[in-house]
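Step one of this worksheet: look at the structure below.
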Amino acid sequence: GMGNNIVKPVINGLHSNRILILNNGVRQEGQQWGIEHAPEIDPFTAQQLEVVKGAQAVRYGADALGGVILVSAYDIDVDRPWKGNIDLIGQTNGRGGAINAVLEGGVKAVKGLGWRIQTSTKKLGNYQTPDYILGNTGLTEFNYAGTLQYKRDRNEFEFYWSHFATQIGIFEGAHIGTVEDIQARIAHGRPFEEYDFSYQIKAPRQKVSHDLAKVSWGHQFGSNRKLEVQYGLQRNHRKEYDLRRVEADDIPMADMVLTTQSLDVVLKQGNSSLGVQSLLQVNNNVPGTGTTPIIPNFDSYSTGIFALHQFHIDALHAEIGGRYDFKYLDVAGYRYRRNATDNSGTIEQYLFTDTRRFHNVSGTAGILFHFSPQLSWKSNLGLAWRAPSVNELYSDGVHHGSATYELGSPDLPSEKGLKWINSFIWSGERLQATIDVYAQMLYDYIYAQPNPDTVRQTIRGTFPLFAYQQHDAFFYGTDLRMRYALREDMHYDMNASFVRARNVDLGDYLPYIPPARVQHAFSWMYTGETVQGNYIKLAHRFVARQIQYREGMDYVAPPPAYHLFDMVASKQFKTDTDTSWQVMLSVENLFNRSYKDYMDRFRYFAHQMGRNANIKISYQF
């Protein structure tokens, strides 16, 4: 991630382009290649969140090397003319908050027709570490969404549209003038300047909007055959602004519009599925920035066909599947080179074009076996792949969102991953626990290696250099999730993750692999289990130091381990059968601990957020 406002999901040590996010059934497609590009999804629309850790590329498409995150909403309650909820949230760190409102219902005149509208807004100022304020780290957000659902006889129709818009300040101390200055700042590990609190968002900043529209139709043929058709249209507009020496700061350094169309057709019969998926993408750089775009213009076409079958034999449940994908990429952009005919060594700009074709197969085989009513074993062996993204191939310039200089490699082949994950699931009266043990061989793994011996000086400053390279890699680790009921009104929860990764070709470590972490909590429901909204929770987070590091791998060694404590208190008030209030008070980083996270690109220059108290008031009607 980047600071506290830009975070990305991580599954089994993998993130960004190796995780698919399905937003209301549509494959989320923005400029998600950057670690500092957060998913353009309003969290208030995510009523259900499911994480699939197996190699699920067969069902959901290429790129799901790490896993899949399914973001979805509940079906609309068409039996009530209207219902809704309002959420008010305030927080002390950043001195801001958010408002969310949802209204939905059924249309009495048209049986089976339901509607939902939702909107949210958010505003925060500069956030504060335990010791200082970080300048230009505020954000604003405004989102809205609408859904129409119609279910009648054997047909289901749904129309969904959402608009997401955010503006995020990028810590200005990360944009640095000279080689000596950047070395001094990294050695100092915190800003030299002192900043005041402000809501103002200046350059450097990101301004992103994302529109998503979906139309789907499902038709039931008989008792066990169903056809599902879905069309998706997305438009992602990303602007990144930097401090300019000549032009005004309100002219973006990067101005990209990515348009994606998708069409999915799936036929389900009994325990079998057969599907075809296609994707068309066009990326255009809007002229007038006065800079060479870090990402070139491109057209991308991809199509895939898959088949899945499930079968059951007594206590054994099994699934097998296969898939074939083809992707075509057509690129046109500008790059720099040293002028061979000019003895002065001047740099010239030239137009380049390129086409690439990628294709591969994916497969999955999984079983679920019930040893007893309490103990189950789930095992999945999956083959997945991912074509290199455009930035990994062609980037050559300053990435303003992360204050780094990125250098691509245009000849990279595809990544291929073979993953085996085993889960042991215990579901007892007092204890529920799941242990995942996994291993994954990633052939031609693509990663951006920080080069501590080199920084890049440009007219806009001096930046750490991250160059893309490729080697075979081996990942393995374990995840643990458990809940133990100490008594009827008190329980203990724990989540732990441990991952190791090796560069097999070089016999070395890999950069930006998450360190081991444990999060656990005691919860007390002070009116018993009958009212879920009345509880007090005390939580502790521990993140270890990343020991998979050797001297010279990065600009600075991994930060120390840290412990954080959080506290939550919630009270629910029932006013009548259809309405209720809930008030929630929480404090994150209770003891105001100063810390850095290894996965944060800004750890070179600054610490993470200090104590943050929140209040959330929810009204359901």
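The values are calculated or read from the model by the stated rules, or taken from the named source; none is laboratory data. Computed from a predicted model, the values in this text were never measured in an experiment. Counting neighbours? That spans all protein chains shown, and the Cβs are built from the backbone with ideal geometry, glycine included. Quick note on the areas: whole protein, heavy atoms, side chains included, nothing else; ligands and nucleic acids left out. Shrake-Rupley method; radii C 1.70, N 1.55, O 1.52, S 1.80 Å.
Structure above, values below:
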item: Segment Phe311-Thr454, length gained on full extension (0.36 nm per residue, minus Cα span); result: 45.9 nm
item: Mean projected area in nm² (Cα convex hull; one quarter of hull surface) for the stretch 67-126; result: 6.2 nm²
item: Carbon + sulfur, % of accessible area of the chain - ligands and nucleic acids excluded, 1.4 Å; result: 57 percent
item: Loop trypsin sites (Lys or Arg not before Pro), the stretch 39-90 (other Cβ atoms within 10 Å of the site Cβ: 11 or fewer; DSSP); result: none
item: The stretch 134-163: trypsin sites (Lys or Arg not before Pro) in DSSP loop, at most 12 other beta carbons within 10 Å; result: Arg154
item: D_trans [Stokes-Einstein, Kirkwood Rh over alpha-carbon pairs] for the stretch 453-506, 37 °C, 0.692 mPa s, µm² s⁻¹; result: 203 µm²/s
item: Length-normalised contact order for the stretch 99-170 - Cα pairs under 8 Å, 6+ apart - percent; result: 27 percent
item: Pairwise FRET efficiency - Trp426 versus Lys108, Cβ, R0 = 41 Å, nearest 0.05; result: 0.30
item: Sequence-separation-based contact order of the stretch 14-99, relative, with Cα cut under 8 Å and 6+ spacing, percent; result: 30 percent
item: Spherically averaged projected area of the stretch 149-247 from its Cα convex hull (nm²); result: 12.0 nm²
item: The stretch 86-132 - charge dipole about Cα centre, Lys and Arg +1 at Cβ, Asp and Glu -1, debye rounded to 20; result: 280 debye
item: Of Leu258, Asn136, Ile182, farthest towards positive along the dipole that unit charges on Lys, Arg, Asp, Glu beta carbons give the stretch 133-274; result: Leu258
item: Loop-located GluC sites (Glu not before Pro) in the stretch 187-261 whose Cβ has at most 11 other Cβ within 10 Å (DSSP); result: Glu193, Glu194
item: Cα-based equivalent ellipsoid of the stretch 482-621: semi-axis lengths in Å, sorted from largest, via gyration tensor; result: 39, 18, 13
item: Over the stretch 569-610, volume per residue of the alpha carbon convex hull, in Å³; result: 103 Å³
item: Signed unit charges on C-beta, dipole axis of the chain, positive-most listed residue Pro9, Ser72, Gly290; result: Ser72
item: Solvent-accessible area of Tyr60 with every protein chain in place, 1.4 Å probe, in Å² to the nearest 10; result: 50 Å²
item: Distance between the stretch 253-327 and the stretch 101-143 - C-alpha centres, whole angstrom; result: 28 Å
item: Principal axis dimensions, the stretch 467-557 - Cα atoms, whole angstrom, descending; result: 57, 24, 20
item: Reachable lysines, given that their alpha-carbon falls under 25 Å from the alpha-carbon of Lys571 and they are not under 8 places away in the same chain; result: Lys83, Lys122, Lys537, Lys616
item: Where the chain is the region considered: accessible area per residue in Å², 1.4 Å probe; result: 45 Å²
item: Vicinal HN-Hα couplings computed from phi for the stretch 582-591 (Karplus, 6.51 cos²θ - 1.76 cosθ + 1.60; Hz; Gly/Pro x); result: 9, 10, 10, 10, 9, 10, 9, 6, 3, 9
item: The chain: calculated mean residue ellipticity at 222 nm from DSSP helix runs of at least 4, using -39500 (n - 2.57); result: -500 deg cm²/dmol
item: In order through the stretch 408-424: 3J(HN,Hα) via Karplus (6.51 cos²θ - 1.76 cosθ + 1.60), integer Hz, x for Gly, Pro; result: x, 9, x, 9, 5, x, 6, 7, 10, x, 10, 10, 10, 10, 10, 10, 10
item: Rounded to whole Hz, the Karplus (6.51, -1.76, 1.60) HN-Hα couplings of the stretch 11-22, x for glycine and proline; result: 10, 6, x, 10, 8, 6, 5, 9, 10, 8, 10, 9
item: The chain, relative contact order [Cα under 8 Å, separation at least 6], %; result: 11 percent
item: Rh (Kirkwood; distinct C-alpha pairs) - the stretch 374-431, Å; result: 15.3 Å
item: Built amide H within the under 5 Å cut-off of Thr137, gap 5+; result: Asn126, Tyr127
item: Percentage of interatomic Cα-Cα distances in the stretch 234-327 larger than 14 Å; result: 74 percent
item: Span per principal axis, largest first, for the Cα atoms of the chain (Å); result: 78, 53, 52
item: Selected from Gln470, Gly275, Thr579, residue furthest toward positive end of dipole (the chain; charges at beta carbon); result: Thr579
item: Solvent exposure, largest accessible area first (probe 1.4 Å, DNA, RNA and ligands not counted), of Asp153, Asp436, Asp472; result: Asp153, Asp472, Asp436
item: Cα-centred dipole magnitude for the chain, charges only on beta-carbon of K, R (+1) and D, E (-1), debye, nearest 20; result: 940 debye
item: Rg(Cα)/(2.2 N^0.38 Å) for the stretch 172-216, N = residue count; result: 1.90
